[in-house]
Amino acid sequence: MSGAKGLDLTLKIWRQKNAQSKGKLETYQLNSVSPDSSFLEMLDILNNELIEKGESPVEFDHDCREGICGACSLYINGEPHGPGKRITTCQLHMRSFNDGDTIYIEPWRARAFPIIKDLVVDRSAFDRIQHAGGYISVNTSGNTQDANAIPIEKEYADEAFDAATCIGCGACVAACKNASASLFVSAKISQYALLPQGQVEAKNRVLNMVKQAEKEGFGPCSNTGACEVECPKGISIENIARMNREFLKASIAE
Amino acid sequence: MSLDSNIPEGPLKDKWTNHKNNINLVNPANKRNIDVIVVGTGLAGGSASATLAELGYNVKTFCYQDSPRRAHSIAAQGGINAAKNYQGDGDSTYRLFYDTIKGGDYRSREANTYRLAEVSANIIDQCVAQGVPFARDYGGLLDNRSFGGVLVSRTFYAKGQTGQQLLLGAYSAMNRQIAKGKIKMYNRHEMLDVVIVDGKARGIIARNLVTGEIERHSAHAVVLASGGYGNVFFLSTNAMGSNVTAAWKAHKKGAYFANPCYTQIHPTCIPVHGTQQSKLTLMSESLRNDGRIWVPKNLEDAKAVREGTLKPTDISEENRDYYLERRYPSFGNLVPRDVASRAAKERCDAGYGVVNNDTNEGVFLDFSAAIDRYGKEEAHVRGIENPSTDEIRKMGKKVIESKYGNLFEMYQQITAENPYETPMKIYPAVHYTMGGLWVDYNLMTNVKGLYSIGEANFSDHGANRLGASALMQGLADGYFVLPYTIGDYLAADIRTGKISTELPEFKEAEQKVTAQIESLLKNNGSKTVDYFHKKLGLIMWNKVGMARSIESLNQAIEEIAALREEFWNDVKVPGDANELNSELEKAGRVADFLELGELFARDALERDESCGGHFREEFQTEEGEALRRDDEFAYVAAWEYTGKPSEAIVHKEDLKFENVELKTRSYK
């Protein structure tokens, strides 16, 4: 759209061959990047240059490139998903940077997210937390009750939706000094806690999911709120408070 | 081989019920001895995996993403249709069926489409029971909105993130079965071939994308739910990884590929910004409920807008051309997608485009009238007499924000323009493919035991899909159709026992996969995979895109074949086979797109008519509308692979219309 001059950038990127090897920051120079390009398009350009030079391209996770699949990650200049609020890395555009900038690009850092290669980490711990209770036990039948049989107060339905918009990217863990997954776990707990359909299994759900998160090696929550600030979907830490209440309720009942 | 669609006898409305009553079932104890492979974890694959596992089958599910939750169904924005008639506006199963047939420009199967409409209501019940937080009104009941090509409100939604919420619902159902061990999940795995033993699909060859290991997996049936092939155009609204490989490998092993030329070019996407662009972003069709589409009436105004010397908000009402409202007064801005896209192209080709890029292609989507209307309504509700313009706009913006907030934010992030203050700029982009693997009424391809569901098959949308119907089809296939029809086939397999992966067919398929990987890595050419993919995309967009002609299609066929040769001679793929290597993954996918693209153009060339998303310049009315030729072309073109795309053989399945009258589609 704009005819603005491209940006000349110095990139410091974490390179690591595999989980076993030691990684380090490598320096790359990239010139004339359009400010209308997205951050990942900038990495595409770098990779094509690297391939043409016979060097190995930088691996990074990405897929939908519209901020919803949760695949992209990247710790950019010390912030998960980089500068800008409520966006994922794929929604970050180069107009957020200046000509001559040096940009540091690192993977998520957490014990529960081991590095696979370069900027790609293994987030399967998140899936295993969901296996522990992130569902309502209802079989497919075509004979469940009519969708409008239970009216749900709009306020609760909207709040459940807000919690359910979590994309499972892991920015909350990356932002947390304890690498806690509390925001992620609480988003799922809250979605179901706010809906009548979620009540039946509420106790076991919260106990099992919290236990699984601990087992995966995520740290405890110390209420700094860093997760909420960096969450690309603006998931509120009120969900963590709700999860704690649910957890307490379930523990007393046990 | 003849094409039998296996449509059950009897009246349209009883076919599905009768069919379910008459097909074979597998008893629960026997299901435990039967394995099913599902490839893909979008709405179709996710819901099918969960339901098959609930029924008792052993399911092995594969996705190339790092988690099944990331399949591209997640990005669907606007909503899901269902004939619930909660709004009491005259909706019914028949009306949804009729709208779908008409919207598809009379190129889909009546029986499949009717079944889709029939099970649509069950989907909403199922999803609510799973805890999907659909939008609700103040009475606590489910809310609906309208989509293009229909005159009722039957679309259920969760803000602009309906696909996400439905997919997370299917993912949660899968998680329950993964926890029970009934689904074995293979993340970061890509299917690279299907294995056929004695004429039956008995397994797949997959690459572990982390270790590079080539793995053999066997099963009694294989279900492909691998999505569409829109990325053959390079730029599309598909995810970067969306590909045709699973479907194409199946095609090369004998499965017919139906109607490849039926592509949906979605009218409301953010225009291309430059040559470094990697993908396009959709702005939900739901925006056409409230946004009005226009271009300047005068060429000089369009030029001034492009040059930045005239602001769109400074163009007066009488100097704007609301061309959809002008051409199609009864449907206005809510005409079907193919019609809206072509109308935008027509205006831009005539020089009225408003975007300052290489092609000037773009039109306005304007919310100012809606902001004004909602603001006045709100003032009335609040009892504010004689509100000021500022007050009205402020209240109106709040209403718009509550409806489309996330879409407006997304637009602003990408373009750095504020759509509450200035109209959005939009242009059509490749979004969905109606064509796909040919399947019968049971969703089985012509290869026994090989099924295809969701966008990967061709079945329900004809030549154009209506908005909010992709989610409906994916979940209908996965929750309510395939899990029952597959039993009819598997009933014969209860004594088969485990399929061995040591069979020669597995070995042979594995060797071919390994050989292709080696040849890509050893090629040592000079150009990157992206170079070829972008070139292919440009050929497709310019010559096989929104308007196609004999001349452009013949050129495309030639150019694609030449590009394919260049690819195999000169592509450069770095790295090794035994590591995470996304360039290698891309290379394999582009190799398949380079074959599909040619078949796609051939299919378009042989269909001497215009219908839905397929517009041939030679076949149009004086007013520039699509000219269908029912006497000769009311059929499905199912292509059989014989060694090269140029030598594929077409098989025709005639479409019989017994319940609707074939009419020229009119949205005027």
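Bear in mind these aren't lab numbers, they're just calculated from the coordinates by the rules spelled out. These figures come from a predicted structure and were not determined experimentally. Cβ coordinates were reconstructed from backbone atoms using ideal geometry, including for glycine residues, and neighbour counts include every protein chain displayed.
Things worth noting here:
- Using the Cβ-Cβ distance between residue B:524 and residue B:398 with R0 set to 51 Å, the FRET efficiency from 1/(1 + (r/R0)^6) comes to roughly 0.30.
- At R0 = 45 Å, FRET efficiency that the Cβ-Cβ distance of residue A:199 and residue B:505 yields, to 0.05: 0.35
- With N the number of residues in region B:465-617, Rg(Cα) / (2.2 N^0.38 Å) evaluates to 1.39.
- Estimated inter-spin distance, residue B:565 and residue B:14, nm [label 7 Å along Cα→Cβ]: 6.0
- All C-alpha to C-alpha distances of region A:152-254, sorted into 10 Å bins beginning at zero, yield P(r) values of 17, 49, 30, 4 percent in whole numbers.
- Packing-based ranking of B:372-385, B:523-536 yields B:523-536, B:372-385, ordered from highest to lowest mean Cβ neighbour count within 10 Å.
- Average projection area in nm² (convex hull over Cα atoms of the protein assembly as shown, one quarter of hull surface): 36.1
- Square roots of five times the Cα gyration tensor eigenvalues for region B:442-509, Å: 30, 15, 9
- Rh by Kirkwood over Cα pairs, then Stokes-Einstein D for chain B at 0.890 mPa s and 25 °C, µm²/s: 96
- For the residues of B:152-161, the average number of beta carbons from a partner chain within 10 Å of their own beta carbon is 2.
- Per residue of A:157-164, other chain Cβ atoms within 10 Å of the residue Cβ number 5 on average.
- Residues in region A:137-172 that a label on residue B:137 would reach, taking backbone N under 12 Å of a point 7 Å out along Cα→Cβ: none
- Secondary structure note: in region A:7-106, about 75% of the DSSP beta bridges are antiparallel.
- Coordinate range of the alpha-carbon atoms in region B:1-55 per principal axis, descending: 33, 28, 27 Å.
- For region B:583-668, a Kirkwood hydrodynamic radius built from all Cα pairs, placed in the Stokes-Einstein relation at 4 °C and 1.567 mPa s, yields a translational diffusion coefficient of 85 µm²/s.
- Cβ-based exposure ranking for A:79, A:55, in which fewest neighbours within 10 Å come first: A:55, A:79
- The trypsin sites (Lys or Arg not before Pro) of region A:42-110 that meet both conditions, a loop assignment by DSSP and at most 11 other Cβ atoms within 10 Å of the site Cβ, are A:53, A:85.
- Peptide ranges B:28-34, B:83-89 listed from the most packed, as the mean C-beta count within 10 angstrom indicates: B:83-89, B:28-34
- With 0.36 nm allotted per residue and the present C-alpha distance subtracted, the residue B:307-residue B:492 stretch has 59.8 nm of extension available.
- Calculated over chain A: convex hull of Cα atoms, volume per residue (Å³): 164
- The fewest-to-most ranking of B:354, A:120 by surrounding Cβ atoms within 10 Å reads A:120, B:354.
- Counts of other chain beta carbons within 10 angstrom of each beta carbon in peptide A:126-137 average 6.
- Over the C-alpha atoms of region B:50-148, the Rg to Rh ratio, Rh being the Kirkwood estimate, stands at 1.01.
- Each of residue B:646 and residue B:621 was given a label point 7 Å from its Cα along the Cα-to-Cβ line. The distance between the two points is 3.9 nm.
- Ranking of B:558, B:455 by count of other Cβ atoms within 10 Å, fewest first: B:558, B:455
- On the beta carbon distance between residue B:297 and residue A:20, with R0 = 60 Å, the FRET formula returns roughly 0.35.
- Ellipticity estimate at 222 nm from DSSP helix runs (n ≥ 4, -39,500 (n - 2.57)) divided over the protein assembly as shown, nearest 500: -11500 deg cm²/dmol
- Mean shadow area of region A:34-152, taken as a quarter of the surface of its Cα convex hull (nm²): 11.8
- Share, in percent, of DSSP beta bridges within chain B that are antiparallel, nearest 5: 70
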